[in-house]
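Chemist: Provided herewith is a single structure, encoded as structure tokens, for subsequent inquiry.
The values are calculated or read from the model by the stated rules, or taken from the named source; none is laboratory data. None of the values given here were measured: they were computed from a predicted structure. Every residue, glycine among them, receives a Cβ derived from its backbone with ideal geometry; neighbour counts consider all protein chains shown. The protein model used for the area step is the full one, side chains on, heavy atoms only, and it has no ligands, DNA or RNA in it. Shrake-Rupley method; radii C 1.70, N 1.55, O 1.52, S 1.80 Å.
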Amino acid sequence: MEELKKKFHIAYTALFVLINLKFFDATFISPSLSNYTFILFIWITIFLSVPHFFTNRKTKFDYPIAIVFSSIFFSMVMAFLSWNQSLFHSIIETSQYLSWPFYFYLVGHNFKVNTIEKIVVAFGLLYVMLYFYQYLNQGAVLFGKPLYGDEWTEDRGVIRIIFPGAGIFILTVFIALTKLTSKAPLKWLWVCILILGLVIPVMQVTRQFIAGVTLVYLYHLIVNVKAIYRVFIISFFLIGISVVVKMEIDSVKGVIEAGERDADLGKDYVRVLAAEYFLFDYAPNDWSRIFGSGAPYWGISSVGKFNERLGDEKGYYLSDVGIIAVYAMFGIAAVIGFILIWYKSFVLPLPKEFQYARYYLWYILFTSVTWFSVYHYHYIISTILAMYLFQKGYDLHVRKELLKKVFYKLKNKQAAELDEVG
């Protein structure tokens with residue numbers, strides 16, 4: 001019976017990950033079926049998970065997650081009070097941000113690290129296969145949504161396909177990076193994933209994606225070699241970038257030109273203007289400046305229509321301002337919750353084989369200024385899995401340190417007994 005329960009929880013977790021990604025936003029699945037299945041599973045999981053917060057042993061991420069979740073949940077009240085958005089519309093829109101209690105479900109059922117890693121890597125590889133399938137079938141939008149219009153169009157020198165669900169792929173890449181420099185088997189698999197971890201971001205010509213992954217690669221290589229080799233790695237890295245830039249690759253040229261264009265705009269860059277607006281002028285009253293304005297039901301509710309006009313007329317989108325969008329929608333407390341998560345990612349010790357969890361949280365921090373990776377459902381589930389794996393790594397570190405202390409005391413005790421005999 002216990003074995004059957006374990007299999008059920010594993011199956012439920014895998015299914016929840018898939019549904020949380022909305023089947024990678026597959027367009028051939030009925031939107032109503034996808035959305036209502038998603039909402040149903042979110043609320044079922046909330047009811048299954050929240051009780052574990054009160055019954056589980058406490059972990060390092062319990063209270064930051066509880067703060068984030070509570071802030072998002074309460075924002076539905078603020079959407080009604082400040083913008084007159086109905087509770088029904090708020091539930092429909094806000095459900096996509098409410099997966100956070102799933103962390104308590106994982107802790108409560110004490111999933112093995114190996115099990116969660118396999119689930120992550122399996123979905124990461126599925127992401128790769130579906131992305132290339134979509135890339136080879138550019139005539140049809142099978143997954144996600146084009147940046148402009150209803151077809152994939154050229155942007156930054158290439159047909160730009162921003163494939164949905166990147167969070168699970170990024171976590172997979174960082175797992176591969178850590179595995180490759182440890183004694184883990186399947187070296188060939190980790191090498192292939194690491195190559196794809198560079199190729200796919202370049203193909204999608206997303207600057208945050210490219211910079212975030214590349215910086216983590218570089219950091220990991222530097223901290224895991226002797227000081228004498230670090231200069232060579234940095235030099236090789238800089239030379240490699242120069243060579244790639246001079247190769248006149250369309251996607252690389254597109255990224256560079258976009259960066260130069262945005263840099264020339266300075267304070268007039270639309271994301272800077274949007275950030276200032278959502279930070280200082282968006283909230284309709286003082287209460288919303290503290291607790292947020294809630295998640296707008298795009299184009300439907302009053303606040304949803306207001307946000308649609310902001311996008312159409314000024315180019316201001318919440319998805320472009322990351323952590324500022326978290327503040328605008330969910331308030332100050334939600335931002336504090338994320339700050340606590342990132343603080344812990346820096347100060348809590350981890351064994352080397354768990355560093356990928358730290359890297360993922362750093363990646364979310366790095367991209368949190370100009371991207372929705374900090375709060376979007378494409379990333380939330382992988383963030384939850386990363387925190388769970390981080391906690392398991394921290395637990396292992398604590399046990400090792402405890403064993404060292406016990407061993408040290410026993411060793412000293414034996415030495416003292418031998419001295420007495422002598």
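Chemist: With respect to Val205, is the statement that it is touching a helix residue (DSSP H, G or I) at 6+ places or on another chain (Cβ under 8 Å), within 26 Å of Lys145 (Cβ to Cβ), β-branched (Val, Ile, Thr) and at pLDDT 70 or above true?
Modeler: Details: touching a helix residue (DSSP H, G or I) at 6+ places or on another chain (Cβ under 8 Å): yes; within 26 Å of Lys145 (Cβ to Cβ): yes; β-branched (Val, Ile, Thr): yes; at pLDDT 70 or above: yes.
Against the criterion (touching a helix residue (DSSP H, G or I) at 6+ places or on another chain (Cβ under 8 Å), within 26 Å of Lys145 (Cβ to Cβ), β-branched (Val, Ile, Thr) and at pLDDT 70 or above), Val205 qualifies.
Chemist: Same structure, new question: Of the residues Phe88, Phe24, Phe28, which single one is aromatic (Phe, Trp, Tyr), assigned to a loop (DSSP other than H, G, I, E, B) and more than 24 Å from Gly337 (Cα to Cα)? If you could, list the steps in order and put the result at the bottom.
Modeler: Details: Phe88 fails: assigned to a loop (DSSP other than H, G, I, E, B); Phe24 fails: assigned to a loop (DSSP other than H, G, I, E, B).
That would be Phe28, the only listed residue that is aromatic (Phe, Trp, Tyr), assigned to a loop (DSSP other than H, G, I, E, B) and more than 24 Å from Gly337 (Cα to Cα).
Chemist: On to the next question. Report every pair of residues separated by at least 6 positions or lying on different chains whose Cβ atoms are under 7 Å apart, first residue within region 82-94 and free of Cβ contacts under 8 Å to residues at least 40 places away in the same chain, second open to solvent by 30 Å² or more (accessible area, probe 1.4 Å) and of a type in the set (A, V, I, L, M, F, W, C).
Modeler: Short answer, once both residue conditions are applied: Leu87/Phe80.
Chemist: When region 199-217 is examined, which residues are found to be without any contact (Cβ under 8 Å) to a residue 40 or more places away in the chain and either surrounded by 15 or more Cβ atoms within 10 Å (Cβ to Cβ) or among the charged types (D, E, K, R) (or both)?
Modeler: Pro201, Thr214
Chemist: If you check Tyr375, Tyr316, Tyr379, which single one turns out to be of a type in the set (Ser, Thr, Tyr) and over 28 Å from Phe169 (Cβ atoms)?
Modeler: When all the criteria are applied, what remains is Tyr316.
Chemist: Among the listed residues Ser288, Ser302, which satisfies the condition of being at pLDDT 85 or above and open to solvent by 50 Å² or more (accessible area, probe 1.4 Å)?
Modeler: On the way: Ser288 fails: open to solvent by 50 Å² or more (accessible area, probe 1.4 Å).
The conditions single out Ser302.
Matching residues to (1) at pLDDT 95 or above; (2) under 17 Å from Ile65 (Cβ atoms):
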| position | (1), (2) |
| --- | --- |
| Ile339 | yes, yes |
| Phe346 | yes, no |
| Pro349 | yes, no |
| Lys352 | no, no |
| Leu361 | yes, yes |
| Phe366 | no, no |
| Val369 | no, no |
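Chemist: When region 312-321 is examined, which residues are found to be under 21 Å from Asn285 (Cα atoms) and open to solvent by less than 40 Å² (accessible area, probe 1.4 Å)?
Modeler: Step one: list which residues in region 312-321 are under 21 Å from Asn285 (Cα atoms), which gives 316-318, 321.
Across region 312-321, the qualifying residues are Tyr316, Leu318, Val321.
Chemist: If a residue must be of a type in the set (Ser, Thr, Tyr), touching a Leu at 6+ places or on another chain (Cβ under 8 Å) and buried (at least 23 other Cβ atoms within 10 Å of the Cβ), how many such residues does region 362-394 contain?
Modeler: 2
Chemist: Every residue in region 141-155 that is touching a residue at least 60 places away in the same chain (Cβ under 8 Å) and surrounded by fewer than 19 Cβ atoms within 10 Å (Cβ to Cβ), please.
Modeler: Answer for region 141-155, where residues must be touching a residue at least 60 places away in the same chain (Cβ under 8 Å) and surrounded by fewer than 19 Cβ atoms within 10 Å (Cβ to Cβ): Val141, Leu142, Lys145, Asp155.
Chemist: I'd like to verify a number: residues in region 70-85 that are more than 13 Å from Ser301 (Cβ to Cβ) and in a loop (DSSP other than H, G, I, E, B), how many?
Modeler: Of the residues in region 70-85, 0 are more than 13 Å from Ser301 (Cβ to Cβ) and in a loop (DSSP other than H, G, I, E, B).
Chemist: Looking at region 54-61, is at least one residue buried (at least 17 other Cβ atoms within 10 Å of the Cβ) and either in a helix (DSSP H, G or I) or in contact with a Pro (Cβ under 6 Å, 6 or more places away or on another chain) (or both)?
Modeler: No, because not a single residue in region 54-61 is buried (at least 17 other Cβ atoms within 10 Å of the Cβ) and either in a helix (DSSP H, G or I) or in contact with a Pro (Cβ under 6 Å, 6 or more places away or on another chain) (or both).
Chemist: Turning to a different aspect of this structure: Looking only at region 79-103, how many residues end up being of a type outside the set (S, T, N, Q), touching a helix residue (DSSP H, G or I) at 6+ places or on another chain (Cβ under 8 Å) and open to solvent by 10 Å² or more (accessible area, probe 1.4 Å)?
Modeler: Here the count works out to 9.
Chemist: Which ones in region 156-168 are of a type in the set (Gly, Ala, Ser) and buried (at least 21 other Cβ atoms within 10 Å of the Cβ)?
Modeler: Scanning region 156-168 gives Gly165, Ala166, Gly167.
Chemist: With respect to Ser49, is the statement that it is closer than 29 Å to Gly299 by Cβ, open to solvent by less than 70 Å² (accessible area, probe 1.4 Å) and of a type in the set (Gly, Ala, Ser) true?
Modeler: no
Chemist: Identify all residues within region 169-198 that are among the basic types (Lys, Arg) and surrounded by 19 or more Cβ atoms within 10 Å (Cβ to Cβ); write none if there are none.
Modeler: Hit for region 169-198 is Lys179, nothing else.
Chemist: So how many residues does region 7-20 have that are open to solvent by 10 Å² or more (accessible area, probe 1.4 Å) and either in contact (Cβ under 8 Å) with a residue 60 or more places away in the chain or within 23 Å of the chain's Cα centre (by Cα) (or both)?
Modeler: 7
Chemist: Further question: May I ask you to list the residues in region 322-361 that are touching a Phe, Trp or Tyr at 6+ places or on another chain (Cβ under 9 Å), touching a residue at least 60 places away in the same chain (Cβ under 8 Å) and open to solvent by 40 Å² or more (accessible area, probe 1.4 Å)?
Modeler: Within region 322-361, Ala333, Leu340, Lys344 qualify.
Chemist: Next up: Does region 153-183 hold any residues that are within 22 Å of Tyr377 (Cα to Cα) and at pLDDT below 90, and which are they? Give the steps one after another, and end with the answer.
Modeler: Of all residues in region 153-183, those within 22 Å of Tyr377 (Cα to Cα) come to 160-175.
Matches in region 153-183: Arg160, Ile161, Ile162.
Chemist: Moving on. With respect to Arg399, determine if the residue is modelled with pLDDT of 90 or more and loosely packed, with under 12 Cβ neighbours inside 10 Å.
Modeler: Answer is yes for this residue.
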